[in-house]
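Okay, structure first, notes after.
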Amino acid sequence: MLALSHYNSSASLLLPHVANDSGGKVEVRAAVEGLSHHENLTFEEPTAGGAFIVILSMTLGIISNIVALFILVNAYSLQRRRSKATFLLFATSLVITDSIGHVIPGALVLRLYLSGAARPQFVNSSDGMCQFLGGSMVFFGLCPLFMGCAMAAERCLGVTKPLLHSSLVTKTRAKICLSVIWLAALSVALLPCFQLGSYTYQEPGTWCFIKVLSDTKEVDVAFVVLFSGLGLTSLAVALVCNTISGLTLVLARLRRQPGSHHSAKSHDIEMVVQLVGIMVTSCICWSPLLIFGLMSAIHSYTGTIGQSLSYYETLMVMGVRLATWNQILDPWVYILLRRTVLRKIYLIAKCQAGLRGTILGRWEPSSFPSSEKNDVDQV
């Protein structure tokens, strides 16, 4: 778009001379046509570098999700505690959703790169593939946020009200909750099919999203407000629930009598630590796109975007690039933040800092007991 804008401004400066001299008219026309041809070549150049990055990202995401899925399925099959099993069911579903959400949009973006669709004429237009890609972006964006929120709420109830949790939370209800989450995200993604919003190609023409940069209408603003509002609300609820869970566990640990052991609490610690990791990852990866999309739609609708169009285009590209890393980083939360890994980190930190005999000694290694002997060798 920057190149296109430069072309338009250059042409407007040259055209006034056309009326004054016929000889210059031919030269100017030739210059403009040559410049136009040059700009087209710029956008039609092979995007091997971009395609390589997409392939590398997809490969890394697939490998990460497969490793995390193996760990979670193995832990789920060995788990006998109902609360832990429910958490693992949510976590496994999240990893599967992340895997599919990484492969499908990634494959479509790769196809656009290889077909040379990164041209300015694709912007503000739409087709069947753009509709599907835009819907995938919305669906696979909301699903992890909804699941992270549901997992945080479930753990908050389990930590603060364990008896109520044991009577309310079951595997069947957890599966129903997952179905509702998928259905809710799908309902939002399909709104453009009912003319309630629209998807369009975004600069540089290699991805599709809600129309937020130009020709934005009231339904588009409402659509992006719904999408961003649901996403930001999910992150806020997860933050509150994880904070309550973390503070409850810390207070319970500080009040515990020295010498007493409650290995069951180690499961809660592990789950809350993983939830905090998921929440932090989601905030870093998705918040920019949610906020930038909302800002762009509002400024475009009010007509104040003006000369800042290229700036908002850059923000949107940065936001979607960060969002794609969510499916890559989420699996590493389960790979790295397990009890066996946490126990090793604790022992190393305790040895390095010489914290024996301090209040941190209350967090003894037995707080992270491993119920599976093979956990240490899994990753």
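Summary of values
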{"quantity": "Long-range HN-HN contacts of Trp207 with modeled amide H, under 5 Å", "calculated": "Gln202"}
{"quantity": "Candidates per trypsin sites (Lys or Arg not before Pro) in the range 177-254, loop by DSSP, up to 16 other Cβ within 10 Å", "calculated": "Lys217"}
{"quantity": "Gain in span if fully extended, Ala252 to Ala184, counting 0.36 nm per residue against the direct Cα distance", "calculated": "20.8 nm"}
{"quantity": "Calculated from backbone phi, Karplus (6.51, -1.76, 1.60) coupling profile of the range 216-231 in Hz, x at Gly/Pro", "calculated": "7, 10, 4, 5, 5, 5, 4, 5, 5, 5, 5, 4, 5, x, 5, x"}
{"quantity": "The range 46-337: projected area of the alpha-carbon convex hull, averaged over directions, in nm²", "calculated": "16.5"}
{"quantity": "Efficiency of FRET between Gln307 and Ile284 - r from beta-carbon atoms, R0 25 angstrom, step 0.05", "calculated": "0.25"}
{"quantity": "Under 14 Å, Cβ to Cβ, from Leu315 - net charge with Lys/Arg +1 and Asp/Glu -1", "calculated": "-1"}
{"quantity": "Cα-derived Rg to Rh of the range 214-355, Kirkwood definition", "calculated": "1.16"}
{"quantity": "Under 12 Å from the Leu60 label point (7 Å along Cα→beta-carbon), backbone N, the range 91-117", "calculated": "none"}
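Every number here is computed from the coordinates shown, using simple stated rules; none is lab data. This one's a predicted model, so the numbers in the text were calculated from it and none came from an experiment. Cβ: placed from backbone, ideal geometry, glycine included. Neighbour counts: every protein chain shown.
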